[in-house]
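Trainee: Let me give you the structure first, and then I'll get to my questions.
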Amino acid sequence: MISRRKFILSGAAGVSALSLRGRVPVPDDKNTDIGTANKPVVIATWDFGVAANRAAWKVLKNGGRSLDAVEAGVRVPEADLKNVTVGKGGYPDRDGHVTLDACIMDEQGNCGSVAALEYIAHPISVARLVMEKTPHVMLVGEGALQFALDNGFKRENLLTPEAEKAWKEWLKEKKYQPIINIENTSFTTERLPGNEYNHDTIGMLALDATGNLSGACTTSGMAFKMRGRIGDSPIIGAGLYVDNEVGGATATGVGEEVIRTVGSFLVVELMRQGYPPEEACREAVVRIAKKKPDMAKQIQVGFLALNKEGEYGAFALQKGFSYAVCHRERQDLLIRGKSLY
Ligand code: ASP
């Protein structure tokens, strides 16, 4: 058992991110550390987490349930057509199909998931229905689509002209190469086609006023992936895990490595042992680096965690991982996560 006191918490979050109306704030370099917030609090991956948090906060600030908050929150990037890594507008697989992965987990350990879901713009809401209306945890492909349609979801084309253009461009060389630190340039909402964004995920964790935790995770996965490829994001324990006694964690980056280490479950179990969120995320990142040291230098993986006390933190393999935080004192906070390399 590792004592909390062994960890020196150097500094506090929330130092100086700018709050700009309608645009995501640029993370401040000093803004790199762990933080604590009184409940309610919501945190989310990447710069697009800022806008997602705003939607989640509307639920949380009025005493709403964390489950409702995370669903409402991640629906924002799912609907953002400029976001080429989540929801409608996401880059397709190498055969031109947009396939979406998502999962959700509540304070009672209930969970729902969809994978390789096509034609439905809000996979997170389908995942929630899988959790609430079926005896199962996970539905994939055709079955997930049928379930969504049976429950009133609209069938629509998710491949935008911009994503189609990027795919056709990719077909010229057909090189599957997850690009590291593409996120370094992502501290703006401008996501132009062909500008090399080829993976990212919105992972969100919320602690509501009653002290209950929930999480959600949704993505279009790796751009130009093989048909049928599923990443970590819809897999409970890999892309997301919540234990209401301890805390929650979510992951972003190359999902194969997150699955191999059951990353989010690992982070939560480390917090159970007493690790603060950032240290737990760091340890999970180190596991990946230890297993495949050469490969770990070529890819990005980041973890984000929130514990039962409202302490939050993150850690990534590479520089450039940002996460957004929102609580009563600070909204629109964007923090630059620490990294191994
Ligand atoms: N984890 C996602 C996947 O592997 C992609 C990402 O977050 O960058 O599908």
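Trainee: Taking into account only those residues within the stretch 229-245 that are away from the ligand (no atom under 14 Å from the Cβ) and in a loop (DSSP other than H, G, I, E, B), which is surrounded by the most Cβ atoms within 10 Å (Cβ to Cβ)?
Mentor: That would be 244.
Trainee: Here's another thing I want to ask about it. Starting from the stretch 200-224, take each residue that is more than 19 Å from residue 38 (Cβ to Cβ) and hydrophobic (A, V, I, L, M, F, W, C) and list its partners that are outside any loop (DSSP other than H, G, I, E, B) and near the ligand (Cβ under 9 Å from one of its atoms), counting only C-beta distances under 7 angstrom and pairs at least six apart or across chains.
Mentor: As it stands, the answer is 202/45; 217/203, since those pairs meet every condition given.
Trainee: Specify the residue that is surrounded by the fewest Cβ atoms within 10 Å (Cβ to Cβ); the eligible residues are those in the stretch 76-126 that are of a type in the set (A, V, I, L, M, F, W, C) and out of contact with any strand residue (DSSP E or B) (no Cβ under 6 Å at 6 or more places or on another chain).
Mentor: The residue in question is 79.
Trainee: Identify the single condition in (1) modelled with pLDDT of 95 or more; (2) closer than 20 Å to residue 315 by Cα that residue 183 does not satisfy, given that it satisfies every other one.
Mentor: Going through the list (1) modelled with pLDDT of 95 or more; (2) closer than 20 Å to residue 315 by Cα, residue 183 breaks only (1).
Trainee: Additional query: Residue 248 - would you say it is of a type outside the set (Ser, Thr, Tyr), within 16 Å of the ligand (Cβ to nearest atom), at pLDDT 95 or above and crowded, with 24+ Cβ neighbours inside 10 Å?
Mentor: no
Trainee: While we're here: Among the residues in the stretch 291-299, are any over 30 Å from residue 58 (Cβ atoms), surrounded by fewer than 22 Cβ atoms within 10 Å (Cβ to Cβ), of a type in the set (Val, Ile, Thr) and within 14 Å of the ligand (Cβ to nearest atom)?
Mentor: Checking the stretch 291-299: at least one residue is over 30 Å from residue 58 (Cβ atoms), surrounded by fewer than 22 Cβ atoms within 10 Å (Cβ to Cβ), of a type in the set (Val, Ile, Thr) and within 14 Å of the ligand (Cβ to nearest atom).
Trainee: Kindly indicate the residue of the stretch 207-228 that is near the ligand (Cβ under 9 Å from one of its atoms) and in contact with a strand residue (DSSP E or B) (Cβ under 7 Å, 6 or more places away or on another chain) and also nearest to residue 242 (Cα to Cα) among those meeting that condition.
Mentor: Only one residue fits best here, namely 217.
Trainee: Exactly one condition in (1) within 25 Å of residue 246 (Cα to Cα); (2) at pLDDT below 95 is false for residue 105; which is it?
Mentor: Looking at each condition in turn, residue 105 falls short on (2).
Trainee: I need every pair where a residue in the stretch 90-105 that is under 22 Å from residue 236 (Cα atoms) has its Cβ under 7 Å from the Cβ of a residue that is within 12 Å of the ligand (Cβ to nearest atom) and acidic (Asp, Glu), sequence separation at least 6 or different chains.
Mentor: 99/93
Residues checked against (1) within 16 Å of the ligand (Cβ to nearest atom); (2) in a strand (DSSP E or B); (3) buried (at least 18 other Cβ atoms within 10 Å of the Cβ):
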position: 267; (1), (2), (3): yes, no, yes
position: 305; (1), (2), (3): yes, yes, yes
position: 313; (1), (2), (3): no, yes, yes
position: 319; (1), (2), (3): yes, no, no
position: 324; (1), (2), (3): yes, yes, yes
position: 341; (1), (2), (3): no, no, no
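The values are calculated or read from the model by the stated rules, or taken from the named source; none is laboratory data. All of these numbers come straight from a predicted model, not from anything done at the bench. Glycine gets a Cβ as well: all are built from the backbone with ideal geometry, and neighbour counts include every protein chain shown.
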